[in-house]
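Derivation of every value follows stated rules applied to the coordinates shown; laboratory data play no part. If you're wondering where the values come from, they're calculated on a predicted model, not measured in any experiment. We place every Cβ from the backbone using ideal geometry, glycine too, and count neighbours over all the protein chains shown.
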Amino acid sequence: MDSPFLMMNLLSAVYWFDEALQAALKEAGIPNVSRAQSMLIANISAGEHRATRIARNLGVTRQAISLMLSELETRGIVELVPDPADRRARIVRFAEQANDTRRAAAKALQYLEVKLVERIGLPAYHGLRDAMRMDWGDPPRVPPGALEGPEGATA
């Protein structure tokens, strides 16, 4: 995790969490979970139950989430049930037989945060968490002039 670009360091951090989460899921008896599926499971563990919001959180289409949910539903990990607040909609939750998966994912994520605090310290952890919780707004458009080198040539 030593890139001059913040984005690459953020990705390394996501992979650090995901590799540990996937190992925890494997230990709980859920092998062969893709990175996208483990991120979907992490969203559900964090309390997100609407497929459209999970898709937005992961930066993928609703159709991609539907495909992942279908596979995880077939494997007995998640289920789609009517939303009690809106009968036209459905919510995602862990299937009853997947309680071990739910517990393993939640405990793994909690444990990883404790380990992160031990490694980077509480002030850095709080700064990181607070920065990630902020609304950064819509992604900005990078103006063409920002892509030019010092001589005016495009890089």
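Based on this model, can you work out whether residue 24 counts as in a helix (DSSP H, G or I) and within 21 Å of residue 116 (Cα to Cα)? For residue 24, the condition - in a helix (DSSP H, G or I) and within 21 Å of residue 116 (Cα to Cα) - is met.
If the condition is being over 17 Å from the mean Cα position of the chain (by Cα), more than 21 Å from residue 52 (Cα to Cα) and crowded, with 17+ Cβ neighbours inside 10 Å, then the range 75-115 contributes only 98. Which members of the range 45-59 meet the condition of being of a type in the set (Gly, Ala, Ser) and buried (at least 16 other Cβ atoms within 10 Å of the Cβ)? Hits for the range 45-59 are 45, 51, 55. Screening residue 101 on (1) touching a strand residue (DSSP E or B) at 6+ places or on another chain (Cβ under 9 Å); (2) assigned to a helix (DSSP H, G or I); (3) farther than 16 Å from residue 33 by Cα shows it passes everything except condition (3). Within the range 119-131, is even one residue part of a loop (DSSP other than H, G, I, E, B) and at negative phi? Within the range 119-131, not a single residue is part of a loop (DSSP other than H, G, I, E, B) and at negative phi.
Does any residue in the range 92-115 that is farther than 27 Å from residue 62 by Cβ come within less than 6 Å, Cβ to Cβ, of a residue that is among the basic types (Lys, Arg) and loosely packed, with under 13 Cβ neighbours inside 10 Å six or more places away or on a different chain, and which pairs are these? Listed pairs, sorted by first residue: none to list.
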